[in-house]
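The values are calculated or read from the model by the stated rules, or taken from the named source; none is laboratory data. Since this is a predicted model, take the numbers as computed values, not measurements. All Cβ positions, glycine included, derive from the backbone under ideal geometry; neighbour counts span all protein chains shown.
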Amino acid sequence: MSQLPQDLKYTKSHEWVRTRPDGTLEIGITDHAQHALGDLVFVEVPEGGRSVTAGDACAVVESVKAASDVYAPVSGEVLEGNGQLAAAPETVNTDAYGAGWLYRLRPAAGALAAAALLSAADYQKVLDAEGG
């Protein structure tokens, strides 16, 4: 079973969101998502300064099995992409909720409150419904 940190928020499309102490967000894909993809061989993260709208495809993770878009869970401005993943995409497999974060975002005013984010318990229900 995938691990689900209780302090994170989740999306139905398998992204996680961590609110950092300064109010910015750190975003990645869930342990469930990286397991489903298998060993990652390529990760493309957004560059700092890019504006994204909730639901936009803004990153790509690619495994030997498939490539998958990663969607912005919240509207805002990308502060930075995790440049370490270009040389070590497998970090997402080994530490999905830590060093495997994809990008950091400054949410637009009111965007976080309007976002359709799930608690860990609600995300588990999504996984259960998918048979995961």
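Could you check the stretch 107-123 and list, in sequence order, the residues that are surrounded by 15 or more Cβ atoms within 10 Å (Cβ to Cβ) and under 16 Å from the mean Cα position of the chain (by Cα)?
Listed by number, the residues that qualify are Pro107, Leu112, Ala115, Leu117, Leu118, Ala120, Tyr123.
Give all pairs with beta carbons closer than 8 Å in which a residue from the stretch 66-80 that is within 13 Å of Ile29 (Cβ to Cβ) and touching a residue at least 40 places away in the same chain (Cβ under 8 Å) meets a residue that is of a type in the set (Gly, Ala, Ser) and buried (at least 22 other Cβ atoms within 10 Å of the Cβ); count only pairs at least 6 apart in sequence or on separate chains.
That search, which allows pairs on different chains as well, returns Val70/Ala59.
Could you tell me how many of the residues in the stretch 10-45 are in contact with a Ser or Thr (Cβ under 7 Å, 6 or more places away or on another chain), in contact (Cβ under 8 Å) with a residue 60 or more places away in the chain and of a type in the set (D, E, K, R)?
So the answer is 1.
Listed here are the residues, each with its yes/no results for (1) of a type in the set (Phe, Trp, Tyr); (2) in contact with a Lys or Arg (Cβ under 8 Å, 6 or more places away or on another chain); (3) surrounded by 14 or more Cβ atoms within 10 Å (Cβ to Cβ); (4) over 24 Å from Gln6 (Cα atoms).
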| residue | (1), (2), (3), (4) |
| --- | --- |
| Ala36 | no, no, yes, no |
| Leu40 | no, no, yes, yes |
| Val43 | no, no, yes, yes |
| Gly55 | no, no, yes, no |
| Ser63 | no, no, yes, yes |
| Leu79 | no, yes, yes, yes |
| Gln84 | no, no, yes, yes |
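Among the residues of the stretch 59-72, are any at pLDDT below 95 and β-branched (Val, Ile, Thr)?
Yes, there is a match, as at least one residue in the stretch 59-72 is at pLDDT below 95 and β-branched (Val, Ile, Thr).
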